[in-house]
1. Just checking: which of the strands (runs of 3 or more DSSP E) contained wholly in the stretch 1-113 hold 3 or more residues that are under 14 Å from Arg261 (Cα atoms)?
2. Just need a number here: residues in the stretch 158-194 that are more than 19 Å from the chain's Cα centre (by Cα) and under 25 Å from Pro217 (Cα atoms).
3. Here are the criteria: (1) under 17 Å from Ala147 (Cβ atoms); (2) of a type in the set (Val, Ile, Thr); (3) touching a Gly at 6+ places or on another chain (Cβ under 8 Å). Tell me which single one Ile174 does not satisfy.
4. So, of the residues in the stretch 56-66 that are open to solvent by 10 Å² or more (accessible area, probe 1.4 Å) and touching a residue at least 24 places away in the same chain (Cβ under 8 Å), which turns out to be farthest from Ala272 (Cα to Cα)?
5. With the checklist (1) surrounded by 17 or more Cβ atoms within 10 Å (Cβ to Cβ); (2) free of Cβ contacts under 8 Å to residues at least 24 places away in the same chain in hand, flag the one item Gly178 doesn't pass.
6. In the stretch 1-37, which residues are open to solvent by 30 Å² or more (accessible area, probe 1.4 Å), over 25 Å from His283 (Cβ atoms) and in contact with a helix residue (DSSP H, G or I) (Cβ under 7 Å, 6 or more places away or on another chain)?
7. Show the residue pairs meeting these rules: Cβ distance below 6 Å; 6+ apart or different chains; first residue within the stretch 146-166 and farther than 12 Å from Thr206 by Cβ and part of a helix (DSSP H, G or I); second residue of a type outside the set (Lys, Arg) and open to solvent by 10 Å² or more (accessible area, probe 1.4 Å).
8. Sort out which residues of the stretch 55-68 are within 21 Å of Gly26 (Cα to Cα) and in contact with a strand residue (DSSP E or B) (Cβ under 9 Å, 6 or more places away or on another chain), and write them in order of number.
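The values are calculated or read from the model by the stated rules, or taken from the named source; none is laboratory data. Only a predicted model underlies this, so the values are computations on that prediction, with no experimental measurement involved. When we count neighbours, we look across all protein chains shown, and the Cβ atoms used for this are built from the backbone with ideal geometry, even at glycine. Please note that ligands, DNA and RNA were not included when accessible areas were found on the heavy atoms of the full protein model with its side chains. Shrake-Rupley method; radii C 1.70, N 1.55, O 1.52, S 1.80 Å.
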Amino acid sequence: MTEIRARRPYAIGEAWEARARREVLGDDGQLLIVAADHPARGSLGVRDDKMAMASRPELLNRLLTALERPGVDGVLATPDVLEDLLLLGALENKLVIGSMNRGGLQGSVFELDDRFTAYCAAELDARGIDGGKMLTRIDLGDAGTVATLEASARAVTELAERRLMAMVEPFWSIRKDGRVQNLLDPDSVIKSIQIASGLGATSAYTWLKLPVVDDLPRVMEATTLPTLLLGGDPTAAPEDTYASWGKALKLPSVRGLVVGRALLFPPDGDVAAAVDHAAQLVHGGAA
């Protein structure tokens, strides 16, 4: 792959042009998307291993295993990871979502001024990528929040103009002991939903990416937008995680899962089994 990048970088553009695409939703209207955009924000840790995602070959091998399993609809990642997967032929007939803002580096003083440092709407459209995802954390005590809100709103509008999915991942956040913490109580999540839903000139192509929290039926009443649930804390026991996903997927506006480390780095190391379990929850018999 490095040889291709060094000698034929134009091969990436050619591969995007030749990629076979799919409709966003299949017959059952549900999605299972694997996420791998953490490294670009300096977030490499999984459980006790602070550098778990540092090896690109290891991450790619895990992603290839996941994308080969029945019931996996697509992947969410930054340009570097997506282009590696593209060169490996792993994106054919998959839903591809590009991560847009990775400037809020984990642990930085500017973490909440989350600049758009990866994809823009025009580039997503030019490459035939199916949508863009933006992390949108809201901290009333951090002036960087307003810049992120403005940039996310612009991205929602520009994606909608191109009829591409705008996946907004909102959190109500605070700083405690110098670290950003996302508040996951129902009322905080509801407030973040209401703000995220109003971003941009239209919500026609907006999807939400939300955490699984307590009192989720009441939380999900805050929006009519189609919603994908994020995988949650990879430190939780897998059986507890699967049980929470199963309950959440029964809600009408929930259309599937976007899961990263919980599937790519399961405690027992069996990526295929973890992905198969998630696919069964999302797609049932169809998986």
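1. Working: elements: 31-36, 74-77, 95-99.
The strands (runs of 3 or more DSSP E) meeting that bar are 31-36, 74-77.
2. Residues flagged as more than 19 Å from the chain's Cα centre (by Cα) and under 25 Å from Pro217 (Cα atoms) within the stretch 158-194 amount to 8.
3. It is condition (1) that Ile174 fails.
4. Within the stretch 56-66, the first condition is being open to solvent by 10 Å² or more (accessible area, probe 1.4 Å), and the residues that meet it are 56-58, 60-62, 64-65.
Then keep just the ones that are touching a residue at least 24 places away in the same chain (Cβ under 8 Å); that gives 56, 60, 62, 64-65.
Numbers: Arg56: 19, Leu60: 14, Arg62: 9, Leu64: 10, Thr65: 6 Å.
Only one residue fits best here, namely Arg56.
5. (1)
6. Met1, Ile4
7. Ala147/Asp113; Ala151/Phe116
8. Residues satisfying the conditions are Ala66, Leu67.
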